[in-house]
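Worksheet: one structure, shown below.
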Amino acid sequence: SFPTTRAGLAKLASFLSEAGVTTVAMEATGIYWKPVYYALEGLVSELWLCNAQHVKNVPGRKTDLSDAEWLADVASHGMVRPSMVPPPEIRQLRDLTRYRKSQVDTRSKE
């Protein structure tokens with residue numbers, strides 16, 4: 001278990017590196033995946049962001065730990081594929097465009 005602070009994510013990256021992990025699969029839930037994904041980007045050879053709809057169709061999974069075990073199992077057997085995540089330059093442009101749109105919308109409401 002690692003906190004999602006910068007220090008915690010650095011410890012997670014260090015732990016995965018020392019353990020020789022080459023593939024990480026994570027479930028995309030809202031925006032909560034972003035800090036973890038960005039912290040691990042470039043540190044492992046394969047970083048998979050999996051669509052939550054593709055892995056949650058199994059009844060009876062109730063805890064984060066069992067969800068993680070299930071995701072690791074389906075990813076290792078090739079039963080789920082990673083989603084496309086744009087390169088950092090495109091993500092930054094998207095964020096900037098979305099921020100500008102929200103500012104224009106706010107100004108229009110005023």
Qualifying positions in region 17-36 - in contact (Cβ under 8 Å) with a residue 24 or more places away in the chain and buried (at least 16 other Cβ atoms within 10 Å of the Cβ): VAL24, ALA25, MET26, GLU27, ALA28, VAL36
Every pair of residues 6+ apart whose Cβ atoms lie under 8 Å, when the first sits in region 72-91 and is over 15 Å from VAL24 (Cβ atoms) while the second is surrounded by 10 or more Cβ atoms within 10 Å (Cβ to Cβ) and among the β-branched types (Val, Ile, Thr): ARG91/VAL85
Number of positions in region 82-96 that are open to solvent by 80 Å² or more (accessible area, probe 1.4 Å) and either touching a His at 6+ places or on another chain (Cβ under 8 Å) or part of a helix (DSSP H, G or I) (or both): 5
Matching option when the condition is modelled with pLDDT of 90 or more and in contact with a Leu (Cβ under 9 Å, 6 or more places away or on another chain), among VAL24, VAL80: VAL24
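The values are calculated or read from the model by the stated rules, or taken from the named source; none is laboratory data. Keep in mind the model is a prediction, meaning the values are calculated, not measured. Cβ coordinates were reconstructed from backbone atoms using ideal geometry, including for glycine residues, and neighbour counts include every protein chain displayed. Accessible surface areas use protein heavy atoms only, side chains included; no ligands, DNA or RNA. Shrake-Rupley method; radii C 1.70, N 1.55, O 1.52, S 1.80 Å.
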